[in-house]
Amino acid sequence: MDFIFPKLFPHRHFTTIKSADNMKNKSQRDSFFQSCSLNSKDLVLAKQVHGNNVKVVKSSDKNTIIDNCDALITDDNSVLLGIFTADCIPVLISCGSGKVKAAVHVGWKGLYLWIAENTIEILKKDFCINPKDIKVYIGPHIRFCCYKTGYEMEDKFDVKLVDSKLDLSAILFNKLKTYDINEIFDVNQCTHHNEDLFFSYRRNSCTQRLLSVI
Ligand SMILES: [Zn+2]
């Protein structure tokens, strides 16, 4: 298998691994989708600029890349949402019965700029979702074991670094907990650590990306 598939939500969701190759490459992406009996033309992608903009998308956005955006939400079952990563956190969200879903790109900048909070606020306000009905998937990313940062992060996130290492997922976890989101599934994989399975930007400044889809 060329992907991690935790079977957490009622509908299909996964993160590709290295063997699926570079998902940024359209022809490789198309052939991977074909191998999974999915139509890549149903996919909506985000430009991913490490910002805090959330876009609600619909069927007419299929087969496009949404500009200036790091989080996608839809209530259209026929739409697939995709997020590229190679160390940042891919976050997939399913609400209630699964009709409303989201995909979020969370690096330290997005985390700092409240991309996670912005997404949940829109789910609450525009889709009347109770956070207690939200399930969250946290995909493979650079973890505390490998993520050395500058000490300026201590002020940004009000945390204490250990050996100058930052725990991105712990910060995200705490943010989700303040919303009473209790169903959080973390695949517990470090992209930097596991060279066989994942691309890691920090390891070799790679241009290849993994793709998380919901
Ligand atoms: Zn690691």
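The values are calculated or read from the model by the stated rules, or taken from the named source; none is laboratory data. All figures in this text were calculated on a predicted structure; none of them were measured in a lab. Quick reminder, even Gly has a Cβ in these numbers, built from the backbone with ideal geometry, and neighbours come from all protein chains shown.
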Worksheet item: Which residues, taken from segment 21-51, are free of Cβ contacts under 8 Å to residues at least 24 places away in the same chain, over 18 Å from LEU72 (Cα atoms) and of a type in the set (Gly, Ala, Ser)?
Response: SER27, SER31, SER37
Worksheet, complete the sentence: Going through segment 187-214 in order, the residues found to be more than 12 Å from the ligand (Cβ to nearest atom), within 27 Å of LEU123 (Cβ to Cβ) and either part of a loop (DSSP other than H, G, I, E, B) or free of Cβ contacts under 8 Å to residues at least 24 places away in the same chain (or both) are VAL187, ARG209, ILE214
Discussion item. Among the listed residues SER164, SER212, identify the single one that is buried (at least 22 other Cβ atoms within 10 Å of the Cβ) and either farther than 24 Å from GLY82 by Cβ or at pLDDT 95 or above (or both).
Written reply: SER212
Fill in: Boolean, PHE144 is without any contact (Cβ under 8 Å) to a residue 40 or more places away in the chain, surrounded by 14 or more Cβ atoms within 10 Å (Cβ to Cβ) and of a type in the set (Phe, Trp, Tyr)
yes
Fill in: Residues of segment 150-186 that turn out to be closer than 25 Å to ASN130 by Cβ and either outside any loop (DSSP other than H, G, I, E, B) or within 16 Å of the ligand (Cβ to nearest atom) (or both), as a count
13
Discussion item. I'm trying to understand the selection: among the residues of segment 74-92, which are more than 13 Å from GLN48 (Cβ to Cβ) and either out of contact with any Ser or Thr (no Cβ under 7 Å at 6 or more places or on another chain) or not hydrophobic (A, V, I, L, M, F, W, C) (or both)?
Written reply: THR74, ASP75, ASP76, ASN77, SER78, LEU80
Worksheet item: What are the residues in segment 100-133 that are loosely packed, with under 15 Cβ neighbours inside 10 Å and assigned to a loop (DSSP other than H, G, I, E, B), if any?
Response: TRP114, CYS128, ASN130
Worksheet entry | Residues within segment 112-149 that are away from the ligand (no atom under 16 Å from the Cβ) and either in contact with a helix residue (DSSP H, G or I) (Cβ under 9 Å, 6 or more places away or on another chain) or hydroxyl-bearing (Ser, Thr, Tyr) (or both), tallied | 15
Response to the item:
Of those in segment 13-70 that are small (Gly, Ala, Ser) and in a helix (DSSP H, G or I), the residue surrounded by the most Cβ atoms within 10 Å (Cβ to Cβ) is ALA20
